[in-house]
Amino acid sequence: PDGRMIVFSSNRGGADRDLYTMRADGGRVRELTGEVGVDEWFPAWTPDGRQVVYWSLTLDGSARDTAW
C-alpha cells in the first residue's frame, strides 16, 4: 500500500505459480509461498499492508481464498 513493495504471482520457481515480493526498484525478490501442487493467483495487500490475500487452486481443482 505504501508503494515500496510489490507482490506478484509467477511460475519462475518451477511448474506451480507462487507468490513473491520485491522492492519497487526491482531488488530483493523473495518467495512467499511454495506449496507443491498449489497455484497462487491474484495477490493483493491488505489495507494496513501487513498481509497479502490471494486466491489459490489445488491440483484437485479446489479453490480457496487465503491470507499470508
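Annotations
- With protein chains left intact and a 1.4 Å probe, residues in the chain average 67 Å² of accessible area per residue.
- Each of Asn11 and Val29 was given a label point 7 Å from its Cα along the Cα-to-Cβ line. The distance between the two points is 1.6 nm.
- Largest to smallest accessible area among Asp18, Asp39, Asp60, Asp2 [probe 1.4 Å]: Asp60, Asp2, Asp39, Asp18
- Whole-percent carbon and sulfur share, accessible surface of the chain, 1.4 Å: 52
- Structure remark: mean-square fluctuation, Gaussian network model of the chain, C-alpha springs under 10 Å; the largest value among Val52, Val38, Val29 belongs to Val29.
- With a Förster radius of 25 Å applied to the beta-carbon distance between Leu57 and Thr21, the computed FRET efficiency rounds to 0.75.
The values are calculated or read from the model by the stated rules, or taken from the named source; none is laboratory data. It should be emphasised that the depicted structure is a prediction, and the values quoted were computed from it without experimental measurement. Positions of Cβ are backbone-derived with ideal geometry, glycine not excepted, and every protein chain shown enters the neighbour counts. Just the protein is used for accessible areas: all its heavy atoms, side chains included, with ligands, DNA and RNA removed. Shrake-Rupley method; radii C 1.70, N 1.55, O 1.52, S 1.80 Å.
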